[in-house]
Amino acid sequence: MRSNISFLPLSRQHCKWIRKLHQKKYRRKEKLFIAEGLNSFHAAVKTPHHTISEIIVDHDFADKVRDNPSLFPLSPEIPVYECSRDEMESLSSEETPQGIVIVCHQKEFLVNETTTGKMSDPLIYCEETSDPGNLGIIIRSSAWFGFNRILIGPFCVDPFNTKVIRSSAGTIFGVEVYQSIHRDVIIELADRAGYTLIAAVPAGGIPLHQCEKSEKNIIMFGHESKGLSRHLAERADRRISIPGCGTVESLNLSVAASIILYEFAVQLGRF
């Protein structure tokens, strides 16, 4: 069975425009972002949050689709462009491009009276996570353990950075990401909606397994090396740490976050 998808030629100007989406300022301006690979494509198709604007595939990938249309469960309204391998390499941020790039609309999630009234599950807050790999893994772990609302501070790495999306393994399409949320908004949200503020700190906090868990928590993570701001750490209702018995100084942020989210999911009876 041959595919009936019409592949459009990718112009040089169009290719140049897509490359600009690797820059945060253009993503913000266009309200679009780039994701790569079949994992991201299938995740985008299954979830309503960030709809696909257009797709670019290289010649080899296009040939596979022509021979196997099931690769593309796609609405005919979405344009699909075909390009050379060299053009794909110029569009991709991966060392070995998978042959498919998707351009998606950024859905904006807002913290307001309407949304906070619906927020009963624990929330994840990343105050100043700077490494895209760490943020992507935190998003992936949050989705794995069923925490689907993630609030991002204004000084965090852009969650629609291609490295964040790749590290999230496409899970960013299935969670609600609230951007540029200042720490003061987090404190106000906790006061207004009755959340308990839980600060993850490297040392000196309550051992994780001893911390009382509830549905209405905001679990807060800070910068990789500096941790949470003093303002948030002091304002927290509880500070938690992961006990260790080895000789290393500390855990990687995304590893620590994954352990904490697992423990909260267990205590909340999610398994």
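Values in this text are rule-based calculations from the coordinates and carry no lab data. Since the structure is predicted, the reported quantities are computational estimates derived from the model, not experimental observations. Cβ coordinates were reconstructed from backbone atoms using ideal geometry, including for glycine residues, and neighbour counts include every protein chain displayed.
Annotation: peptides 32-45, 87-100, ranked by per-residue average of other Cβ atoms within 10 Å with the highest first, follow the order 32-45, 87-100. Using only Cα atoms, tell me the angle between helix 253-267 and the longest principal axis of the chain; keep it within 0 to 90° and round to the nearest 10. Approximately 70 degrees, to the nearest ten.
The orientation-averaged projected area of the convex hull spanned by the Cα atoms of the chain comes to 16.1 nm². Just to confirm the number: angle between the C-alpha axis of helix 183-193 and the first principal axis of the chain, 0 to 90 degrees, nearest 10? Orientation of helix 183-193: about 70 degrees from the principal axis. Hey, what angle do you get for helix 37-46 against the long axis of the chain, alpha-carbon based, 0 to 90 degrees rounded to 10? Computed tilt is about 80 degrees. In sequence order, segment 14-21 has phi-based couplings of 5, 4, 5, 5, 5, 4, 5, 6 Hz under the Karplus curve 6.51 cos²θ - 1.76 cosθ + 1.60, θ = phi - 60°, and Gly or Pro positions carry x. Here segment 87-203 is assigned +1 on the Cβ of each Lys and Arg and -1 on the Cβ of each Asp and Glu. Its dipole about the Cα centre then comes out at about 340 debye. A Cα-only calculation for segment 7-105 places Rg and Dmax at 12.6, 39 Å. Label separation (Glu188 vs Ile259): 3.5 nm, computed from points 7 Å beyond Cα along the C-beta direction. For segment 123-184 versus segment 210-233, the spacing of their alpha-carbon centroids is 15 Å. Once the Cβ-Cβ distance of Lys29 and Glu212 is raised to the sixth power relative to R0 = 35 Å, the FRET efficiency obtained is 0.20. Computed from the C-beta positions of Arg12 and Ser75, the FRET efficiency with R₀ = 41 Å rounds to 0.95. A Förster radius of 41 Å, combined with the Cβ-Cβ distance separating Lys226 from Gln267, puts the computed FRET efficiency at roughly 0.90. Using the average count of surrounding beta-carbon atoms within 10 Å as a protection proxy, the listed peptides 141-150, 63-72, 180-189 rank, highest first, as 141-150, 180-189, 63-72. The distance between label points at Arg19 and His42 comes to 3.2 nm (points 7 Å beyond Cα on the Cα→Cβ vector). Estimated at 0.36 nm per residue, the fully extended path between Thr51 and Thr96 surpasses their Cα-Cα distance by 13.7 nm.
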